[in-house]
């Protein structure tokens, strides 16, 4: 090679080396600048994250009553906070083996794990494999760092480093175990233990703890409620990873792998300690939908903790006792249930509530969510509506006689309408009676006649003002409570009778929230109070209900609870066939409603009346709610003309409802009642007023 070529090659090589060095230096400086920019950008972003949010999981939401007395604690997203000391070592070992084997060696993120994940992610140009440590997962869940992007991953990493700098490894594990989502609405290891196994966290077996850890990666796909085989595979994979890290435990782990997966039935899972706290949580969920962000440090409820603390026990004890007295108990059928709600007459606010006999075995809330047929307990509301439509009904007569069931269609479409509203085994038809007397005696046929006379649609329009959650029937059976309604809605409607016809519906169980952003009051608006019944209609029905409580059998029950002299108003009734028993009553301040029955439609037995089944529990709750000093109506006018009408001529009698007016009042005065016709003809009454022979 010539000297010229050699010289040129040296020059070219030096140029390439210089270019390469400059390029490398440029890339190094650019990388350093980029790294510094990334470090600064994400350090600042991570510094803005409020790490005290982690502590909010531990604090939960303190629930207080109207007087500031404690009711309980709610943990966010259906959590139940558990300390690390409560968690079995097997669960911790399973978690570290599955999610982060180098947990105790790294400072927030694992270089080896991230390097391995980055190689795979870059090759796919997307985030497919996380390589996240337990601390990174905690950062993601606690601070809502969602999305599969490199930016999210970087921020998650920097936040994880901040967490490691400020908290111990034990703290991080404790926060993580209370944050993780385990599917089916279970957040945290404590909630998952109760939800899937019906156990406290400390009682879990090795295989149960491994299953909870195994489903962390895909809580929906691996849910044992939805896919038992997938859940078992996830559990066994966790146990196999434990075997690698803990070979000395091989025998225990191999036995656990062979065990079948056993979880509680999904429908029987327990999520809350009682009906009230479950109801409070539903209200908070509704606030979230309305834009209330939370989390909440404290919430105030409308309830009275003193009464509420007694209610669950009273209901459970009473139903257990009364169930033994029923004659139709069928083995294998569901247990007898009960529900109670007490509300403030003026505001409609809930003072106390119990949705069943035992929350742990049956958490469905029958007081606030259940719909059951009201039956003849609905009669006072029907009469209040009819008296609102036609006030002069209080001075009119109605025929009390067998009625063709095709005009009511209760329990069938043929035959004669049953008379079960009077709660007697031997109902008596009395002929023409005052309209208010027909209510006092629970006359079902008379109620249908009155409604059909004044206009069923007009009566129904008034009843709809009560704001029932479910639609009301468009047929005559509506006045006999054929519709399935909520106990809380029926209680509010009766409170309107106590409140001179004014209904209060715009209220909230949660009256005040204290979030980390401030305090919010949930006060009832004036639009939540509106008139549904005329004052005179409400007063007359209320007088009937006060008089009804003077029945000797009812007085005996009231006397047993020392509230017999309080002027209380009350009414009981049953659905057709004795499937549901209701008793609703009130004084001037509160209304209490009680429901007794089964979750499915079946009879509680022949002769099971509300005054025998539901009234005793109502009286016990009412005595507790008023502390034995109810404020009722001690002086009410008697229900006029309680017996059969007697008049000598047309000028001294009352007007007969036109629909059943067959002859003049003078003729009706001398009328004789004849035996019922059989079969009953459509549209005709079997009792016909007939003039006596001259």
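Each value in this text was obtained by applying a stated rule to the coordinates, not by laboratory testing. Note that this is a predicted model, so its numbers are computed, not measured. Cβ sites come from the backbone with ideal geometry, for glycine too, and all protein chains shown count toward neighbours.
Legend: P(r) of segment 200-256 from all alpha carbon pair distances, 10 Å bins from 0, whole percents, reading 26, 51, 23, 1.
The P(r) of segment 502-623 has a tail past 17 Å containing 66 percent of all C-alpha pairs. Estimated at 0.36 nm per residue, the fully extended path between residue 205 and residue 556 surpasses their Cα-Cα distance by 120.9 nm. Protection proxy ranking of 545-552, 104-111, by the mean of other Cβ atoms within 10 Å over each peptide's residues and highest first, is 545-552, 104-111.
D for segment 79-268, whole µm²/s, Stokes-Einstein with Kirkwood Rh over alpha-carbon pairs at 20 °C and 1.002 mPa s: what number?
Reported coefficient: 126 µm²/s.
Our note on the geometry: Cα centres of segment 523-598 and segment 316-391, 13 Å apart. Volume per residue for segment 592-638 equals 112 cubic angstrom (convex hull of Cα atoms). Based on the Cβ-Cβ distance of residue 458 and residue 38, what FRET efficiency does E = 1/(1 + (r/R0)^6) give at R0 = 51 Å, to the nearest 0.05? E between residue 458 and residue 38, to the nearest 0.05, is 0.10.
Taking the mean number of other Cβ atoms within 10 Å as a proxy for protection, how do you rank 464-476, 227-239, 299-311 from highest to lowest?
299-311, 227-239, 464-476
Applying a 10 Å radius around every beta-carbon, put 209-216, 441-448 in order of their mean neighbour count, most first.
Most protected by this proxy first, the peptides run 209-216, 441-448.
Our compactness index for segment 156-260, the C-alpha radius of gyration over the empirical 2.2 N^0.38 Å, is 1.15.
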